[in-house]
Amino acid sequence: MATLVAAAPLSSQALAVRTPDGWRTWWRADSAPVAWRAAHPVLDSAVTWRRAARGLDLAEVTLRGDGEAWRIRLLLARVDPTAVTMRVVVPPVRANGFAGRWSIDDAPRDAILALNAGQFTAGPWGWLLQEGTVRQGAGTGALAPGVVIATDGRVTIVPRDSLPAVRDAREGFQSYPTLLEGDGEIPLPLRRAGLGVNLTHRDSRLAFGVLRDGRVLIALTRFEGLGGVLEAAPFGFTTPEMAAILGGLGAQRAVLLDGGLSGQMLAREGRSVRRWRGMRGVAAGLVVTPRTVR
């Protein structure tokens, strides 16, 4: 499981997962591990995956945290990059000169998964690679890695300083902050206050991780209280809690994508398409389509 070496406690916050036997607490901030070497058995066993399409599995689970995170639905997608094609989409600049805006409604009809990619300012932030060509250089930041999709489909998350040396890559984008690095280590700024990351802010979240077997893990949160009326409201987990969730699900490396009002995901399951829309358009998307079998 995790390497149980606790950092200095930040709070008494905890995370529990709903199981058939009731709520089970599996993480506490005051005894949080500094690294995740494998999935947490309590969280992992509460997730039931189902095959949605070739190369795509979906799952949902309900978590409970403190304060406004008292009922959060965690929507999960697990992608086998060898069975699909992953492509970064950036809409053209609008006639008024402002960056284009993308949403999951713009995803092509053959998309089996689509979500917003990276972080944004006026346009896409940081390093951007499309069809083997670097469109933008790397943005600065110690916890700003790049998601790299190789020409053979392999997906890796590499440190910002390694981006200029990336070779044999087809698509990619940069985001922040890092949730897990190396072999499941939680970065120090996520464990100690005052190092540039807000450790107490709660928001709806979207995260991108890579499992140890090479599959990709996507996690989107939605507020489940009040009958789902406010599911897209910016209520949810802290950054350290999202690191715990991705680590507890078995991710080796992970990074946050733009959440809050931007977080959105489309998933195709058989003939049906499920959409969890954001409240605003974004500057870039990630689209997953079936890989052509030759």
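Once amide H atoms are placed 1.01 Å from N in the peptide plane, what residues at a sequence separation of 5 or more from residue 102, or on another chain, have their amide H within under 5 Å of its amide H?
Close amide H contacts, sequence-distant or interchain: 282, 283, 284.
Could you compute the net charge surrounding residue 12? Neighbours are other residues with a C-beta less than 12 Å from the C-beta of residue 12; K and R count +1, D and E count -1.
So the environment of residue 12 carries a net charge of -1.
Taking every pair of alpha-carbon atoms in region 167-258, what share in percent sits in each 10 Å bin, from 0 to the bin with the longest distance?
16, 44, 30, 9, 1
Going by the alpha-carbon gyration tensor, a ≥ b ≥ c the square roots of its eigenvalues, is region 52-109 rounded (a/c under 1.5) or, if a/c is not under 1.5, prolate (a/b greater than b/c) versus oblate?
Because a/c hits 1.5 or more and a/b fails to exceed b/c, region 52-109 counts as oblate.
When the Kirkwood hydrodynamic radius is evaluated over all pairs of different C-alpha atoms of the chain, what value in angstrom, to one decimal, is obtained? List each step's numbers first, then the result.
Details: mean 1/r = 0.0525 Å⁻¹.
One decimal place: 19.1 Å for the Kirkwood radius.
Using Cα centres only, tell me the gap between region 231-294 and region 202-220 in whole Å.
7 Å
Tell me, what is the percent relative contact order of the chain, built from C-alpha pairs under 8 Å that lie six or more residues apart?
25 percent
List the trypsin sites (Lys or Arg not before Pro) in region 10-75 that DSSP assigns to loop (not H, G, I, E or B) and whose Cβ has at most 16 other Cβ atoms within 10 Å. Which are they?
Those satisfying the criteria are 37, 54.
When the dipole is taken about the Cα centre of the chain, and only Lys, Arg (+1) and Asp, Glu (-1) are charged at their Cβ, what size is it in debye, to the nearest 20?
Approximately 600 debye in magnitude.
What are the GluC sites (Glu not before Pro) within region 114-217 that DSSP puts in a loop, where the Cβ has at most 15 other Cβ atoms within 10 Å?
Loop-located and lightly packed - 131.
Name the chymotrypsin sites (Phe, Trp or Tyr not before Pro) in region 98-145 that are in a loop by DSSP and that have at most 13 other C-beta atoms within 10 Å, would you?
Passing both the DSSP loop test and the Cβ count: 98.
Each reported figure results from applying straightforward, stated rules to the coordinates on display, with no laboratory input. Values in this document were obtained by computation on a predicted structure and should not be read as measured data. Ideal geometry is used to build each Cβ from the backbone, glycine not excepted, and the neighbour counts take in all protein chains shown.
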